[in-house]
1. Go through ARG58, ARG39 for me and flag whichever is within 25 Å of THR117 (Cα to Cα), at pLDDT below 90 and not β-branched (Val, Ile, Thr).
2. Filtering region 152-164 down to residues that are touching a Phe, Trp or Tyr at 6+ places or on another chain (Cβ under 8 Å) and among the hydrophobic types (A, V, I, L, M, F, W, C), which residue is farthest from VAL182 (Cα to Cα)?
3. Can you tell me which residues in region 1-35 are at pLDDT 85 or above and in contact with a strand residue (DSSP E or B) (Cβ under 9 Å, 6 or more places away or on another chain)?
4. Determine whether region 160-172 contains at least one residue that is in contact with a Cys (Cβ under 6 Å, 6 or more places away or on another chain) and modelled with pLDDT of 90 or more.
5. Do you know which residues across region 189-218 are of a type in the set (Phe, Trp, Tyr) and under 21 Å from LEU98 (Cα atoms)?
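The values are calculated or read from the model by the stated rules, or taken from the named source; none is laboratory data. Because the structure is a prediction, the values reported are computed rather than measured. Every residue, glycine as well, gets a Cβ built from its backbone with ideal geometry; the counts of neighbours run over all protein chains shown.
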Amino acid sequence: MPRFFPAILVAATLVAAADLGENTLTRLTDRMAQTDRERLKTLERYTGTQHYVLNNKRFKTHAEMTVRAVYGPEGEREFQVLSESGSEWVRKYVFRRLMRVAQESAQGVDHQETRITPANYNFRLVRMDTANGRQCYLLDATPRTKHKYLFRGRVWVDAEDAAVARVEGSPAQRPSLWTASVHFVHQYKKVGPYWLAASNVSQTEVRIFGSTELKVEYSDYVINPGAP
């Protein structure tokens with residue numbers, strides 16, 4: 001009988017560790033949801049600048065656009081183009097389409113069904129990690145539904161604020177038959193008490209056109225302009 005004790009002890013330890021991980025994940029996702037609710041409640045309006053840059057080496061295509069963005073309390077977004085250069089086709093059919101998608105996904109039912117919350121994703125705690133020099137929980141994320149704006153990948157959640165600090169992955173659904181693959185890295189930064197977008201870099205493999213890199217940098221945030 002004694003010779004089985006080590007095996008029993010190991011099994012019990014593994015079960016306890018799994019239990020601890022599950023409890024940690026539950027507490028973390030509850031905090032994430034609470035942080036998200038508080039952000040929606042207190043962040044009434046903010047403005048910022050977005051700078052888009054697209055490069056395709058195969059066809060030597062380059063385009064840039066800078067826009068001023070206004071974010072409203074219900075998720076609505078307005079964009080004003082400040083400057084643009086390079087390929088007219090890219091500016092018209094890529095950059096402006098991205099702005100339309102941002103407006104569509106931030107309003108109505110899409111606004112709730114695409115947020116990074118336990119209601120929309122199944123999370124699995126992988127390990128502790130760092131993002132931008134801050135301690136984070138690293139989570140695997142898989143979508144609960146087939147919504148076209150959800151992703152599959154990993155999420156770094158700031159250990160102190162329970163806010164999303166980084167997201168890396170691919171769209172849960174392939175955007176089109178022409179798209180072979182898409183991989184993106186979306187980073188956030190703390191502005192006052194809020195975590196807002198800092199940069200988004202995506203690498204897209206498109207049949208015939210080859211690899212295309214798109215970068216979006218976010219800056220010049222003003223929180224609740226006009227508020228006392």
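1. Details: ARG58 fails: within 25 Å of THR117 (Cα to Cα).
Exactly one residue qualifies, and that residue is ARG39.
2. Result: ALA159.
3. Within region 1-35, the first condition is being at pLDDT 85 or above, and the residues that meet it are 25-35.
If the condition is that a residue be at pLDDT 85 or above and in contact with a strand residue (DSSP E or B) (Cβ under 9 Å, 6 or more places away or on another chain), then LEU25, LEU28, THR29, ARG31, MET32, THR35 are the ones that fit.
4. Here is the first cut: in region 160-172, the residues in contact with a Cys (Cβ under 6 Å, 6 or more places away or on another chain) are 165.
Then drop every residue that is not modelled with pLDDT of 90 or more, which leaves 165.
Yes, that holds for at least one residue.
5. Here is the first cut: in region 189-218, the residues of a type in the set (Phe, Trp, Tyr) are 194-195, 209, 218.
If the condition is that a residue be of a type in the set (Phe, Trp, Tyr) and under 21 Å from LEU98 (Cα atoms), then PHE209, TYR218 are the ones that fit.
Rundown of residues vs (1) more than 26 Å from THR212 (Cβ to Cβ); (2) of a type in the set (A, V, I, L, M, F, W, C), yes/no style:
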site	(1), (2)
ASN120	yes, no
LEU125	yes, yes
ASP140	yes, no
PHE151	no, yes
ALA163	yes, yes
GLU168	no, no
PRO171	no, no
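Let's see how each residue does on (1) small (Gly, Ala, Ser); (2) in a strand (DSSP E or B):
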position: THR47; (1), (2): no, yes
position: ALA63; (1), (2): yes, yes
position: GLU104; (1), (2): no, no
position: LEU125; (1), (2): no, yes
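Condition check ((1) at pLDDT below 90; (2) touching a Ser or Thr at 6+ places or on another chain (Cβ under 8 Å); (3) of a type in the set (Gly, Ala, Ser); (4) not in a strand (DSSP E or B)) across all residues:
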{"residue": "CYS136", "(1), (2), (3), (4)": "no, yes, no, no"}
{"residue": "TYR149", "(1), (2), (3), (4)": "yes, yes, no, yes"}
{"residue": "LYS190", "(1), (2), (3), (4)": "no, no, no, no"}
{"residue": "ASN200", "(1), (2), (3), (4)": "no, no, no, no"}
